Amino acid sequence: MRVLIPGIAGLLARKVAARLLVAEHEVIGIDPRGWPGAPKEIELHQVDIRKRAAEDVFRKRRPQAVVHMATVAALLVDTEERYRINLGGTRAVFEHCANYGVEQMLFIGRHTYYGAGPDAPLYHTEAEPPQELGAYPELADLVAADLLAANALWRLPKLVTGVLRVCYTLGPSGHGTPRCRCPSRSSPRSWGGQGCRGSRAGRSRTSSFPSWWTRRRSAPPPGSRTATTN
């Protein structure tokens with residue numbers, strides 16, 4: 001299958017691309033940041049997903065599936081640019097999918113869709129609406145992009161659409177939201193992953209993520225599930 005990945009330069013997107021190559025799919029990437037050292041099997045286009053050059057990739061290459069990963073989290077870029085990327089970029093991707101015969105589309109959303117408030121439940125279900133836009137207006141563009149993707153389920157019946165709201169992940173890089181929230185000398189890590197380097201200690205110290213989590217959260221209620229769709 002020919003798979004197009006907008007936002008392929010991101011760390012998670014690179015891993016998705018690698019897994020697709022192992023499964024013998026043809027991978028095409030779009031990302032203005034480029035990807036130095038990308039696998040030679042990947043056809044990479046260093047263009048903005050909102051520009052005509054990106055539409056030309058859809059028109060000429062006719063991907064069968066698209067994994068849209070070209071969104072940014074709140075506060076990493078200024079408000080106007082974030083809206084252009086998250087909302088304008090997502091709208092462009094869906095338009096190109098509809099116009100150029102894409103069969104399957106997977107939109108990679110974010111867990112921040114649900115917001116974070118004192119009355120928000122710890123374990124979310126897919127039926128829950130967006131939260132805390134009044135308190136956190138910075139989430140508005142991410143919520144709008146997510147809703148735009150969800151609306152494609154009925155707006156574009158010929159396009160098989162999925163929305164995957166990814167939870168926070170822990171890995172060996174030592175960066176990202178969980179690491180910023182836990183700046184202590186001993187930080188959580190993913191099971192089987194490598195340790196994060198402590199800023200003051202100058203050496204690596206790790207703890208088991210499962211044990212770290214269970215010490216700080218009670219066990220989930222029976223039958224509960226997170227918002228992540230597998």
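A few remarks follow.
- Of the residues making up the stretch 10-41, those that are of a type in the set (A, V, I, L, M), over 17 Å from R110 (Cα atoms) and either crowded, with 19+ Cβ neighbours inside 10 Å or touching a residue at least 40 places away in the same chain (Cβ under 8 Å) (or both) are A17, L20, V27, I28, I30.
- Among the residues of the stretch 31-56, those identified as touching a helix residue (DSSP H, G or I) at 6+ places or on another chain (Cβ under 6 Å) and over 17 Å from A18 (Cβ atoms) are H45, V47, I49, R50, E55.
- The set of residues from the stretch 60-82 being in contact with a helix residue (DSSP H, G or I) (Cβ under 8 Å, 6 or more places away or on another chain) and surrounded by fewer than 17 Cβ atoms within 10 Å (Cβ to Cβ) comprises A73, L75, L76, V77, T79.
- Single condition G115 does not satisfy, out of (1) surrounded by fewer than 16 Cβ atoms within 10 Å (Cβ to Cβ); (2) modelled with pLDDT under 85: (1)
- Within the set A17, A73, the sole residue that is modelled with pLDDT under 95 and aliphatic (A, V, I, L, M) turns out to be A73.
The values are calculated or read from the model by the stated rules, or taken from the named source; none is laboratory data. Note that this is a predicted model, so its numbers are computed, not measured. Here the Cβ is made from the backbone with ideal geometry for all residues, glycine too, and neighbour counts use every protein chain on show.
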